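Reviewing the structure listed below.
The values are calculated or read from the model by the stated rules, or taken from the named source; none is laboratory data. A quick note: this is a predicted structure, and the numbers were derived from the prediction, not measured. Please note: Cβ atoms are built from the backbone with ideal geometry, for glycine as well, and neighbour counts cover all protein chains shown.
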Amino acid sequence: MLWRSPSHLSSVATSLRPRQRSCYLDLTFAAATLRHLDQILAHAILSGHHPDLVTTTKLLHRLADLGSPPSHLLRLFSSVPRPDLFLLNVLLRSLPPPSALPLLSSLPRTHAHLRPDSFTYAFAASASAALPSPTPGRALHARVIIDGFAADPFVGSALTDFYLNFSQVSAAEKVFDGVPDPDTVLWNTLISGLVQNCAFLRSLRVFKQMVTTGARFDSTTLAVVLPAAAELQELILGMMVHCLGVKSGLAFHSHIVTGLISMYSKCSEISAAKFLLEQIDEPDLIACNALISGYSSNGLVGSSVDLFRELLAFLGRPNSSTMVGLIPVFSPFGHECLARSIHGFAVKSGLDQNSPVSTAFTTVYCRLNDMEAARKVFDAMPEKSMASWNAMISGYAQNGLTDMAISLFREMQDLHVRPNQITVTSTLSACAQLGALTLGKWVHRIISQEDLELNVYVLTALIDMYAKCGSVMEARRIFDGMVEKNVVSWNAMILGYGLHGQGREALKLFKEMLNACIAPTGVTFLSVLYACSHGGLVEEGRAAFQSMTCDHGIKPGPEHYACMVDLLGRAGQLKEALAFIETVPENAGPGVWGALLGACMKHKETGLAQMASEKLFELEPQNISYYVLLSNVYSANRDYPEAAMVRQGAKSRKLVKTPGCTLIEIRDEVHIFTSGDRSHPQSVLIYSMLDKLTGKMVEAGYRAETDVALYDVEEEEKEHMVKVHSEKLAIAFGLISTEPGSEIRIIKNLRVCLDCHTATKFISRITQRLIIVRDATRFHHFKDGACSCGDFW
């Protein structure tokens, strides 16, 4: 609380008698408009009663309350020949952030007699938190340290809030640690900020430290820590907070009860949440909103709607939080009509322009894969919050619209909207899906430029991006540098090794994970099995599959069974793969048969292929890829009539094969090629380079693999058809567009064909280039005529 020393008043403010000063103060307090205040100031000047510190301070405070321009406030301050610190602090608190910090910086030059105190620095730190960049706040922090206020709890609380506002969690914790005797407000600021930055585990650790050290907590402490327990679904810990609230007499505060309803709901204890609401004699809107949200998050959409109807009947008009809780974000499927009805209600109620409501509608439409409706809601927002940007970008990424996700992130950058960790995590996911290393590196640079906190989620996203964009060594460098790793971090790195065919490295890392006492998940074992499959490590894969159930109690899912079939099939153990399929549950789905059919293609086994395809046509009759695989099996065995019949069957069902295309990045620009493509501006040079390469390859012993080409064309035409596959065109373009000796990276949307695989080995030796190919299943690193997959893919 701001106050001015009476002894100080007697020495600096003697121009007014007490009755005169009291009159001016009463008039200032009663003034309702800026014009009234201007008249009071004019009278004081004409009467010779200005400047007076007490009346000027009150006048400045009242001017700020009524929205006076900053320039007016600064002129009033400047009219006082020798302002005191109290007046300065009132001004700092009243000015908008862009004006407050320059004023503080000018003090040594304009008012050398003023020495900032804890209030000065706290107000300045609060102003820094509202600026677009953390740089001025950091400079202020340095000055705080120099002037000896770093240990002050009031200043520490403001600085902690400043760093947390910019998602710099580690810096905020350092500020906190620098205060030897933190008060309750500082503890609450740190816990609340950690929760807002989704650092839920850290917030719980701080709360535990607060309680165990005997620091005084209040109702705000319990209210801000409950969301952390709720988000982590730590029911036991949430119940401990509840007990602590009961023992301390704080559990019956309305905001605590609301927090408990939300916590129990998110921990799937909906009956406890309902009981708490029923104990309230007259539940208010906030408590009802908490239970409405709880019902929705537990998939009890009907109960959520019923409570909403009761709310309308007894409490009248809902608010934005009601709508956010009611929208079926957590269980959208089957409730599309309800979502649109709620949207209509929100429009009629005038709540659709509220940022959290619009963001919730954007999210639910994205989850329903109605991206057009999601984008309309997003574009209609008068003010887009960070959560709004994140919802739209992640929606694009999760629905495979990677180009749109990256484009929207670029738009965000153009508008100078500072991203946060969630934004860059979603954008990195889009880069990983696209395989765009250049774009991924660009996002990584933005993370550094914006000085975003490298939390476990951002670092894991970077690992995933680099691994899926072909830089597994960079992914491992980031992994090794992580101070804190969660199970997702380990999974991402293990999968990265699997994608690159480095099965031994994946198994070695999996062992390190177990030694670090990190409990593996189903995703962990899926990554391990995938790595074993693509590395030909059959026995190691069997052992991992057995360990999953016997040692870790994880029930295999359809994807684990499919991976085991793939493991056995790739190794040529087709009979063992079929025997394994006979042991899996009936609801294992088409994945196991799809894996077997793929193995039959590799090993040209028509009998099992026919059996597998019959099952697949029964389970997924509209999946064109099974028809293509079976046709290729017949073609590889030169049974062209059967291949033709399979293709005709797909055609009669009006199924269309996904066209193959290959992407290559050259100087930050993405180029996409299709088979036989001549649309590129440099197509003449590309085909000329391809002709030269083909001639050199033939001299080196290359022979086109035409087994799976169309059967009803001449051999020479078959050779031409495979010659102009999209990956060859992309490689040729890369050769004419990059410096000799530099690596070439391409991305194929389908599995690379045998001929292109063979040709790329020859090209890598002839050109002495490292060529990295990412196809639909894995990475291939071609160098000196050999591939990292060892022809096992």
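Counting residues in the stretch 422-445 that are of a type in the set (A, V, I, L, M), modelled with pLDDT under 95 and within 13 Å of Gly496 (Cβ to Cβ) gives one or more. The residues of the stretch 736-780 that are surrounded by 21 or more Cβ atoms within 10 Å (Cβ to Cβ) and among the polar types (S, T, N, Q), listed by number, are Thr760, Ser764. Of the residues in the stretch 46-62, at least one is touching a helix residue (DSSP H, G or I) at 6+ places or on another chain (Cβ under 6 Å), farther than 16 Å from Pro83 by Cβ and at pLDDT 85 or above.
Find all pairs meeting these conditions: Cβ atoms under 7 angstrom apart; at least six residues apart or on different chains; first residue within the stretch 346-375 and on the phi > 0 side of the Ramachandran plot; second residue in a loop (DSSP other than H, G, I, E, B). Sorted first by the residue in the stretch 346-375, then by its partner, the pairs are Asn369/Asn399. In the stretch 742-762, of all residues being over 22 Å from Val698 (Cα atoms) and part of a loop (DSSP other than H, G, I, E, B), the one that is nearest to the chain's Cα centre (by Cα) corresponds to Asn749.
Looking at this structure, is Thr521 within 26 Å of Ala467 (Cα to Cα), of a type in the set (S, T, N, Q), surrounded by fewer than 21 Cβ atoms within 10 Å (Cβ to Cβ) and touching a residue at least 24 places away in the same chain (Cβ under 8 Å)?
The answer is yes for Thr521.
Taken together, Pro97, Pro108 contain a single residue that is within 30 Å of Pro136 (Cβ to Cβ) and at pLDDT below 85, which is Pro108. Taken together, the residues in the stretch 637-679 that are within 11 Å of Ser726 (Cα to Cα) and of a type in the set (D, E, K, R) amount to 2. Scanning the stretch 273-310 for residues that are in a helix (DSSP H, G or I) and over 32 Å from the mean Cα position of the chain (by Cα) yields a count of 9.
The residues on offer are Lys266, Lys208, and the sole one that is of a type in the set (Lys, Arg) and surrounded by 22 or more Cβ atoms within 10 Å (Cβ to Cβ) is Lys266. Quickly run through the stretch 781-793 and pick out the residues that are surrounded by fewer than 23 Cβ atoms within 10 Å (Cβ to Cβ) and within 24 Å of Ala467 (Cβ to Cβ). Hits for the stretch 781-793 are His781, Lys783, Asp784, Ala786, Cys787, Ser788, Cys789, Gly790, Asp791, Phe792, Trp793. Among the residues of the stretch 658-673, not a single one is closer than 27 Å to Gly589 by Cβ, surrounded by 14 or more Cβ atoms within 10 Å (Cβ to Cβ) and more than 39 Å from the chain's Cα centre (by Cα). In the stretch 472-517, the qualifying residues are those that are in contact (Cβ under 8 Å) with a residue 24 or more places away in the chain, polar (S, T, N, Q) and assigned to a helix (DSSP H, G or I), and the one that is nearest to His552 (Cα to Cα) is Asn491. Only a single item in (1) surrounded by fewer than 20 Cβ atoms within 10 Å (Cβ to Cβ); (2) under 20 Å from Gln233 (Cβ atoms); (3) touching a helix residue (DSSP H, G or I) at 6+ places or on another chain (Cβ under 9 Å) is not met by Ile280, and it is number (2).
One residue stands out among those in the stretch 396-421 that are among the β-branched types (Val, Ile, Thr) and surrounded by fewer than 21 Cβ atoms within 10 Å (Cβ to Cβ): the one that is farthest from Phe166 (Cα to Cα), which is Thr402. Taken as a whole, the condition of being buried (at least 16 other Cβ atoms within 10 Å of the Cβ), of a type in the set (Gly, Ala, Ser), in contact (Cβ under 8 Å) with a residue 24 or more places away in the chain and not in a helix (DSSP H, G or I) does not apply to Ser99. For the stretch 576-593, state whether one or more residues are touching a residue at least 60 places away in the same chain (Cβ under 8 Å) and either outside the structural domain of Lys511 (by TED's automatic domain parsing) or not acidic (Asp, Glu) (or both). No, that holds for no residue. Can we say Ala313 is assigned to a helix (DSSP H, G or I) and modelled with pLDDT of 90 or more? Answer is no for this residue. Determine which single condition Lys274 fails, assuming it passes every other condition in (1) without any contact (Cβ under 8 Å) to a residue 40 or more places away in the chain; (2) buried (at least 16 other Cβ atoms within 10 Å of the Cβ); (3) over 21 Å from Ser321 (Cα atoms); (4) not hydrophobic (A, V, I, L, M, F, W, C). Unmet condition: (3).
Considering only residues that are charged (D, E, K, R) and crowded, with 18+ Cβ neighbours inside 10 Å, look in the stretch 371-392 and name the one that is nearest to Ile327 (Cα to Cα). Here the answer is Arg375.
Of the residues Thr56, Thr110, Thr135, which single one is in contact with a Phe, Trp or Tyr (Cβ under 9 Å, 6 or more places away or on another chain) and of a type in the set (Val, Ile, Thr)? On inspection, the qualifying residue turns out to be Thr56.
Determine whether Leu204 is assigned to a helix (DSSP H, G or I), free of Cβ contacts under 8 Å to residues at least 40 places away in the same chain and over 24 Å from the mean Cα position of the chain (by Cα).
No; evaluated as a whole, the condition is false for this residue.
Note on the stretch 362-448: enclosed helices (runs of 4 or more DSSP H) holding 2 or more residues that are under 14 Å from the mean Cα position of the chain (by Cα) are 386-398, 402-414, 421-434.
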